[in-house]
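I have placed the structure first, in the form of structure tokens, so that the comments after it can refer back to it.
The values are calculated or read from the model by the stated rules, or taken from the named source; none is laboratory data. These numbers were taken from a predicted model, which means no experiment stands behind them. When we count neighbours, we look across all protein chains shown, and the Cβ atoms used for this are built from the backbone with ideal geometry, even at glycine. Note: accessible area is taken over every heavy atom of the protein model, side chains too, but ligands, DNA and RNA are not part of it. Shrake-Rupley method; radii C 1.70, N 1.55, O 1.52, S 1.80 Å.
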Amino acid sequence: MCSVVGYNGSGPCRQQILEGLARLEYRGYDSAGFACITTASKLHCVKAQGGIDQLRAKIKMAQDDGIDGAIGLGHTRWSTHGSSSENNAHPHVDCRRTVAVVHNGIIENFAFLKEKLQLLGHTFVSQTDTEVIAHLFEDELQTKSLERAVLAVVSGIQGAYALLVMSEKHSDYLVAIRKSSPLCLGILPDQTFVASDVAAFIDKTDEVVFLPDESFALISKTGYAVYNFFGERIYPPVEKTVCTWSAEGKGAYEHYMLKEMYEQKRAIIDTINFLRLHKSTRMQQLNLSADMIHDLERIHFIGCGTSWHAGMIAEYFMQEVAHLQTQSFLASEFRYKKFFSCSRTLTCIISQSGETADSLEALRLLLASKQPTIALTNVASSSMVREADGFLLTQAGQEIAVASTKAFTAQISALFLLAHWIAHIKGLVTTQAMARAEEELFVAAEVLENSIERYKFDIISKRAPFYARYKNFIFLGRHISFPCALEAALKLKEIAYIFVDTYPAGELKHGPLALIDAQTPVVIFSCLDEVVYKKLYGNAQEVKARSGHLIVFAFEHQQELLALADTAFVFPKVNPLLAPVVMIGLIQFFVYQIALVLDRPIDRPRNLAKSVTVE
Ligand code: M6R
């Protein structure tokens with residue numbers, strides 16, 4: 001979840017690296033660092049707690065302003081081993097300060113290696129797993145060529161890593177090493193960039209080499225050579241890549257999250273239009289033949305966080321529209337469960353970033369057992385798009401706030417359409433019904449935005465200041481509104497740091513009812529299925545009978561439920577399967593305003609990062 005950026009070429013590197021790092025801060029922002037080899041072949045390193053702004057300030061403060069070079073590397077960190085501090089910030093150096101290393105990933109056997117290196121006399125200054133790499137290179141470079149030293153180091157380390165290494169001894173070279181964690185080179189005639197994500201250098205070049213798994217590159221000023229972990233030269237293709245990076249900024253919005261919430265209608269419309277207009281490309285990208293679809297018995301969804309919730313909602317689409325047995329899995333659980341291969345099960349990995357480590361590893365597991373897979377992601381240049389059998393792209397545009405908003409509603413829209421395409425091929429829905437589905441999505445997008453507008457003033461002036469005082473909440477949903485409740489709760493925890501317990505409402509009387517009191521507001525998310533609605537109404541009565549404070553998100557005709565509410569948010573009736581889409585915008589806004597009252601760092605909540613590229 002950290003990011004690495006490196007440069008070797010004709011120009012000075014510092015500006016290029018700092019710019020690249022600033023674009024990758026979404027991957028981690030608790031500390032940052034930069035190192036370069038100066039023209040006098042001296043290694044120089046600056047680190048700071050905080051993000052790139054703090055690093056820039058530190059460079060100025062330390063009067064290191066003049067420090068630059070043709071070769072350098074940088075890092076933004078999301079702590080795994082050791083707290084967020086300057087000491088634990090990357091780059092890490094060896095005892096002699098002649099080798100510098102930055103790392104994204106986890107070295108699993110670092111404790112063993114550290115002990116061994118300490119016995120050999122190495123001194124460690126950080127609590128990180130990464131520092132062992134600098135010391136390992138220190139030793140190996142005494143006797144070996146650069147290439148041999150890399151092979152020796154990788155043979156001794158276990159885990160996942162994207163590493164950049166440079167040393168005074170081989171001051172013309174930058175080394176990029178990849179196992180599991182993504183790493184790519186940006187190619188220009190007289191300079192080479194290397195980074196965790198193409199966004200770091202996409203304004204300079206769109207010619208990219210994605211380093212294959214278990215490979216490394218020796219990058220010189222004039223080019224690069226790639227080798228596998230057996231030391232054999234390999235030639236990964238140079239690809240033209242697309243990247244959705246935009247330097248647009250927040251505009252008039254106070255936070256990216258607010259901007260992105262308001263971009264949801266556009267994200268849904270763009271996703272529908274893109275998938276409709278590029279029908280033949282879309283089918284090619286999905287890589288699903290009509291025969292395969294006719295043979296399909298099941299569809300599985302795998303994801304983490306918000307993407308997992310999108311999969312849980314899509315279960316209802318697949319069951320009700322495409323008549324397919326469906327199940328959703330959390331990627332981190334799926335990886336360690338027994339699963340049964342079946343060519344008639346299609347698995348859809350859902351991930352906004354397309355880089356989430358648990359989801360990516362689940363995908364790889366399925367690919368290894370020849371299970372058909374598709375990736376649903378928002379990033380066309382992501383690892384998942386490259387690795388899955390087929391893919392489906394949402395058009396949410398770049399999402400910067402850590403809390404996922406528009407990516408989520410775009411995922412749901414794409415999954416709703418996917419269910420209809422499958423159903424159409426199976427002969428379950430007509431062409432007209434498919435067109436209607438698109439229309440219903442447009443309507444849902446409209447309602448989502450209108451609902452925010454309708455309650456905006458009430459939430460800002462009254463509801464958010466009132467509810468920001470509560471320490472705990474209980475969120476309830478049933479049927480398709482249960483995953484919606486889970487998603488809403490995730491937002492409240494993530495950006496407002498308020499504890500929420502979420503249940504399918506039917507579970508209330510099996511234990512959680514004991515928690516109901518006036519101090520713990522209960523939020524009920526209604527749904528449009530008539531039978532389920534009646535049950536939810538019953539659950540709301542159970543809460544009121546125990547003096548619970550009730551907040552209700554419900555539909556216009558659901559008067560009995562609305563009448564029980566202490567606070568009610570009302571929505572017009574839409575396609576019942578799209579109820580989560582219309583409700584989620586308003587709850588995001590509500591939660592956002594609570595976080596604002598509590599003065600939280602909304603776009604970058606504590607302890608989190610946008611892209612979780614470690615397990
Ligand atoms: O990029 P992904 O969709 O794979 O990310 C999965 C989760 O890390 C992500 O949805 C996370 O839960 C969000 N920060 C929630 O707002």
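A few comments on the model shown:
- Which numbered condition GLY186 fails, given (1) assigned to a loop (DSSP other than H, G, I, E, B); (2) in contact with a helix residue (DSSP H, G or I) (Cβ under 9 Å, 6 or more places away or on another chain): (1)
- Under the condition of being of a type in the set (Val, Ile, Thr) and touching a strand residue (DSSP E or B) at 6+ places or on another chain (Cβ under 7 Å), the residues counted in the range 422-460 number 1.
- Hey, ILE302 more than 16 Å from the ligand (Cβ to nearest atom) and open to solvent by less than 50 Å² (accessible area, probe 1.4 Å) or not: no
- Extreme residue, farthest from the ligand (Cβ to nearest atom), among residues of the range 375-392 that are under 23 Å from SER181 (Cβ atoms) and in a strand (DSSP E or B): PHE391
- Selection of the range 419-439 for residues being more than 28 Å from the chain's Cα centre (by Cα) and not aliphatic (A, V, I, L, M) yields HIS424, LYS426, GLY427, THR430, THR431, GLN432, ARG436, GLU439.
- Cβ-Cβ under 6 Å pairs, at least 6 apart or on other chains, the range 602-615 side hydroxyl-bearing (Ser, Thr, Tyr), far side within 9 Å of the ligand (Cβ to nearest atom) and part of a loop (DSSP other than H, G, I, E, B): SER611/SER353; SER611/GLU355; THR613/GLU355
- Restricting attention to the range 338-355 and to residues that are within 16 Å of the ligand (Cβ to nearest atom) and open to solvent by less than 10 Å² (accessible area, probe 1.4 Å), the residue that is farthest from ALA419 (Cα to Cα) turns out to be GLY354.
- For the range 36-50, a residue qualifies if it is within 18 Å of VAL5 (Cβ to Cβ) and in contact (Cβ under 8 Å) with a residue 40 or more places away in the chain, and the qualifying residues are ILE37, LEU43, CYS45, LYS47, ALA48.
- Residues of the range 406-432 satisfying the condition of being surrounded by fewer than 24 Cβ atoms within 10 Å (Cβ to Cβ) and of a type outside the set (A, V, I, L, M, F, W, C): HIS420, HIS424, LYS426, GLY427, THR430, THR431, GLN432
- Residue check, SER181 farther than 18 Å from PHE229 by Cβ, open to solvent by less than 20 Å² (accessible area, probe 1.4 Å) and in contact (Cβ under 8 Å) with a residue 24 or more places away in the chain: no
Per-residue answers, yes or no, for (1) touching a residue at least 60 places away in the same chain (Cβ under 8 Å); (2) touching a Ser or Thr at 6+ places or on another chain (Cβ under 8 Å); (3) hydrophobic (A, V, I, L, M, F, W, C):
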site	(1), (2), (3)
PRO236	no, yes, no
GLY249	no, no, no
HIS255	yes, no, no
TYR262	yes, no, no
THR271	yes, yes, no
GLN284	no, no, no
LEU288	yes, no, yes
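- Some residue of the range 538-557 being within 30 Å of the chain's Cα centre (by Cα) and open to solvent by 10 Å² or more (accessible area, probe 1.4 Å): no
- Restricting attention to the range 3-55 and to residues that are under 23 Å from THR128 (Cα atoms) and among the basic types (Lys, Arg), the residue that is least open to solvent (accessible area, probe 1.4 Å) turns out to be ARG27.
- Residue check, ALA403 crowded, with 24+ Cβ neighbours inside 10 Å and either in a helix (DSSP H, G or I) or within 14 Å of the ligand (Cβ to nearest atom) (or both): yes
- In the range 141-161, the qualifying residues are those that are within 34 Å of the chain's Cα centre (by Cα) and either hydroxyl-bearing (Ser, Thr, Tyr) or not in a helix (DSSP H, G or I) (or both), and the one that is farthest from PRO182 (Cα to Cα) is SER155.
- Qualifying residues in the range 356-368 (those that are open to solvent by 20 Å² or more (accessible area, probe 1.4 Å) and either farther than 15 Å from THR613 by Cβ or basic (Lys, Arg) (or both)) - the one farthest from the ligand (Cβ to nearest atom): ALA368
- For the criterion of being over 29 Å from CYS2 (Cα atoms), surrounded by fewer than 23 Cβ atoms within 10 Å (Cβ to Cβ) and either of a type outside the set (Lys, Arg) or within 16 Å of the ligand (Cβ to nearest atom) (or both), ALA435 passes.
- Hits in the range 312-337 - residues which are open to solvent by less than 30 Å² (accessible area, probe 1.4 Å), within 16 Å of the ligand (Cβ to nearest atom), touching a residue at least 40 places away in the same chain (Cβ under 8 Å) and of a type outside the set (A, V, I, L, M): none
- Single condition ILE474 does not satisfy, out of (1) within 24 Å of ARG606 (Cα to Cα); (2) open to solvent by 10 Å² or more (accessible area, probe 1.4 Å); (3) in contact with a strand residue (DSSP E or B) (Cβ under 8 Å, 6 or more places away or on another chain): (2)
- Given (1) surrounded by 22 or more Cβ atoms within 10 Å (Cβ to Cβ); (2) in a strand (DSSP E or B), index of the condition LEU218 fails: (1)
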